[in-house]
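Engineer: Take a look at this one; I'll ask things after.
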Amino acid sequence: MAFKRLDPEDFVVSSDSVTSTVWSNNSPSLNTYFSSSTQKEGTSGPYYLNVYQTASDSDQAAVQFQIAYANKNGGGGVNFDSSVPFVSATTTIYGQYRTLVLEDENASFTFGPTFTGSADNDFYVISPERARYKQSFLPGSLNLILSSSNTLDSLDGISLTDNSNMVTLPTYYGTMRAYQLISGSDGSSWDGGDGFTPNSGSYGLVLPDISTILLNAAALNDNSVNGGGINLLTNSTSDSFGDNPTKLYDHISASVAITSSLGVDNIFELNSQETITSDYVFVRARNNEYNYTENPSFISGSTGEVIFPYFINNPQTYPTTIGLYNDSNDLLAVAKLSRPIQKDFTKEALVRVKLDF
């Protein structure tokens, strides 16, 4: 064994972006949707809905994403206290995302350059299950088709995507990126326009760093779009169970008819992105280094002499392992070579070791 202190120039830091699918079927697109009747009919059902890729009572069932509804004035939810109006579960959800995204309890969400939504500034939330991805969304990979009806016999709808391919820089909330949700596909609008609704701004916000999609309820019900938007018919009545997550779920699942008629299979497409940081360590063995060994086949255990005189002036070794030690001589990492390297006074070796973490 021989030691050599590494120099600063022997270390290089690199980062690579790795993409992968989000859904449990290992496909970029999720095309089957199931909810749990137990949860839907429970206390959380009117405000929050889990969506599965197969029947919720199946052994293979796994939550793919959640749908929630948020309303600034508490509409679409029953008040927590009858003596305190306009404060319900939808208010709590709104406040949760306002704190997370806007970081200002007095701010309102803006969809597009200026539009701040309806009077309730309400929106739907689609949050892929945290176990489905490692770090964040891949901008430009989002494609979501919403049927204009909540029944399977409708062949009309709208395709939504983020506008990541149409902007030089995203909007930033602190250090968090945000893209507008627009009508189009693969990160761009179809007609080269902004992809917004005529009267209600964009269709929402896409926040890749927290893997969240906010859908502008006003845009989804904008009567100036395709003769009536997608007719989601959001219930924002105060002190009432709106069942709004189920409304959005029905429009997503009803999109099966649209994709089948078009011969495509991409109702909800989404990929994740992960940045992997690697340290490259370059280990150099110069011609006069690492040519001798303490291996018993090379050195006499009793006298410490080289067993074969030929190796005194012409030694040969075959390194197989590189260890990384700290100043306390603690072994931190081990790199195994794919094959032994022949080393003598006429050869030098340069080994690149990659450390991923």
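The values are calculated or read from the model by the stated rules, or taken from the named source; none is laboratory data. Only a predicted model underlies this, so the values are computations on that prediction, with no experimental measurement involved. Here the Cβ is made from the backbone with ideal geometry for all residues, glycine too, and neighbour counts use every protein chain on show. Side chains are part of the model used for accessible areas, which takes the heavy atoms of the whole protein and leaves out ligands, DNA and RNA. Shrake-Rupley method; radii C 1.70, N 1.55, O 1.52, S 1.80 Å.
Engineer: Of the lysine pairs in the chain, how many meet both conditions: Cα atoms under 23 Å apart, and a spacing of 8 or more in sequence or different chains?
Structural biologist: 11
Engineer: If you count only protein heavy atoms and use a 1.4 Å probe, how large is the accessible surface of Ile307, to the nearest 10 Å²?
Structural biologist: Here the accessible area works out near 80 Å².
Engineer: Over every pair of different alpha-carbon atoms in region 1-141, take the mean of 1/r and invert it; report that Kirkwood radius in Å. Show your work: numbers first, answer last.
Structural biologist: Numbers: mean 1/r = 0.0535 Å⁻¹.
About 18.7 Å, per the Kirkwood formula over Cα pairs.
Engineer: With Rg and the Kirkwood Rh both taken from Cα atoms, where does Rg over Rh land for region 78-164?
Structural biologist: Answer for region 78-164: 1.02.
Engineer: Run the dipole for the chain about the Cα centre, Lys and Arg Cβ at +1, Asp and Glu Cβ at -1, nothing else charged, and hand back the magnitude in debye, nearest 20.
Structural biologist: For this selection, approximately 940 debye.
Engineer: Follow-up. Tell me, which longest segment in the chain has none of the GluC sites (Glu not before Pro) that fall in DSSP loops with at most 15 further Cβ atoms within 10 Å?
Structural biologist: 106-288
Engineer: Can I ask one more? With +1 assigned to the C-beta of every Lys and Arg and -1 to the C-beta of every Asp and Glu, and no other charges, what is the dipole magnitude of region 40-104 about the Cα centre in debye, to the nearest 20?
Structural biologist: Taking the Cα centre of region 40-104 as origin, the dipole is about 200 debye.
Engineer: Now for a different question. When Lys and Arg each count +1 and Asp and Glu each count -1, what net charge do the other residues less than 14 Å away from Thr116, Cβ to Cβ, add up to?
Structural biologist: Computed value for this residue: -1.
Engineer: For a Förster distance of 56 Å, can you work out the FRET efficiency between the beta-carbons of Leu331 and Leu169, rounded to the nearest 0.05?
Structural biologist: Step by step, r from the Cβ atoms, then E = 0.80.
Engineer: In whole percent, and with a 1.4 Å probe on the protein chains, what portion of the accessible area of the chain is carbon and sulfur?
Structural biologist: On the way: 9130 of 18310 Å².
Solvent-exposed carbon and sulfur of the chain make up 50 percent of the total.
Engineer: Which whole-number value in Å² is the accessible area per residue of the chain, probe 1.4 Å?
Structural biologist: 51
Engineer: Below 15 angstrom from the Cβ of Thr54, what's the summed charge of the other residues (Lys, Arg +1; Asp, Glu -1)?
Structural biologist: Charge balance in the 15 Å sphere: -2.
Engineer: Over what distance in Å are the Cα centres of region 14-63 and region 114-143 separated?
Structural biologist: So the two Cα centres are separated by 15 Å.
Engineer: Quick one: order Lys134, Lys4, Lys247 from most to least accessible surface, probe 1.4 Å.
Structural biologist: Lys134, Lys4, Lys247
Engineer: Leaving out ligands, DNA and RNA but keeping every protein chain, what accessible area does Phe311 have, in Å² rounded to the nearest 10, with a 1.4 Å probe?
Structural biologist: Surface accessible to solvent at Phe311 totals approximately 50 Å².
Engineer: Return the calculated 222 nm mean residue ellipticity for the chain, to the nearest 500 deg cm²/dmol, obtained by summing -39500 (n - 2.57) across DSSP H runs with n ≥ 4 and dividing by the residue count. Walk me through the numbers before you get to the answer.
Structural biologist: On the way: 6 runs with 38 residues, N = 357.
Roughly -2500 deg cm²/dmol at 222 nm, from the helical runs in the chain.
Engineer: Can I ask one more? What do you reckon, how do Thr275, Thr212 stack up by accessible area (1.4 Å probe), largest on top?
Structural biologist: Ranking Thr275, Thr212 by accessible area, largest first, yields Thr275, Thr212.
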